[in-house]
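Derivation of every value follows stated rules applied to the coordinates shown; laboratory data play no part. Predicted, not measured: the structure shown is a model, and the values here were computed from it. A quick note on method: Cβ atoms are made from the backbone with ideal geometry, for glycine too, and the neighbour counts reach across all protein chains shown.
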Amino acid sequence: MILELTVGAGLVAAATYAFRALKRSGELEDGAEGPLDAKDGAPSAAKRTAETPKAASAADVPARRGPRGLRVGDVLLYGDDELWLAGGFEVWEEGVVCRAFATPGSARASWVLQLDAHADEVARGRVTDAVPEGAVPAELPVGGLRLRLRQRGEARIRKEGDGLPFASEKADYVLLRGPGGKHLLVLDFDSGDRLSVLADAVGRELLELLPGGDD
């Protein structure tokens, strides 16, 4: 019995020595299994380390991408005029319908309209009294142009910033458009107040977002 144990131990030692010799000489490929740990038959520590997956680096995480809408506090350069978006109404009905921003101090506009969720459609304009009292019709002549209904509904209003008239949290809205990039936004607030903005479309490429706003 003692002789068998001695022979067995000698064989294990010989195998370990041979494995290490082959490893040093390069004849054994990386990743090949070596002798098992004596305690539980698990692969050796070197084997376990080689199989541990590498943690994901920051470069493996895709960068956030997507269009950027206009925000309160932005300053837009349009020609030689700066449009400071001091405050705004967001019109929400199962998503952003539009945003209306007050632009105090601008020579060319008192309001800027963002007519889609991502500011691909932008218009600059002023408050108008061309809208008659009562329900806004589906067609309305304004300044010699006939504006037609684009969208209407009931919306929640989110108010942010300064320079805004009084507004309740809900409003009926109407959007009309006409030839030449003419747009009309009418907000009838629950309070009974009305805001009507007549605006002209501005090519997004003509507006430069000045540094200082959020990315």
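A few points about this structure:
- Strands (runs of 3 or more DSSP E) wholly inside the range 61-171 containing at least 2 residues that are out of contact with any Lys or Arg (no Cβ under 9 Å at 6 or more places or on another chain) and closer than 28 Å to SER191 by Cα: 96-102, 122-127, 145-161
- Residue match in the range 118-131 (condition: without any contact (Cβ under 8 Å) to a residue 40 or more places away in the chain and either of a type outside the set (A, V, I, L, M) or within 30 Å of LEU77 (Cβ to Cβ) (or both)): no
- Residue selected from the range 150-164 under the condition of a type in the set (A, V, I, L, M) and closer than 14 Å to CYS98 by Cβ, by the criterion surrounded by the most Cβ atoms within 10 Å (Cβ to Cβ): ALA155
- ALA167 being touching a residue at least 60 places away in the same chain (Cβ under 8 Å) and either loosely packed, with under 14 Cβ neighbours inside 10 Å or more than 19 Å from GLY73 (Cβ to Cβ) (or both): no
- Selection within the range 160-192: residues that are touching a Phe, Trp or Tyr at 6+ places or on another chain (Cβ under 6 Å) and not polar (S, T, N, Q). The member of this set that is nearest to ALA135 (Cα to Cα) is LEU187.
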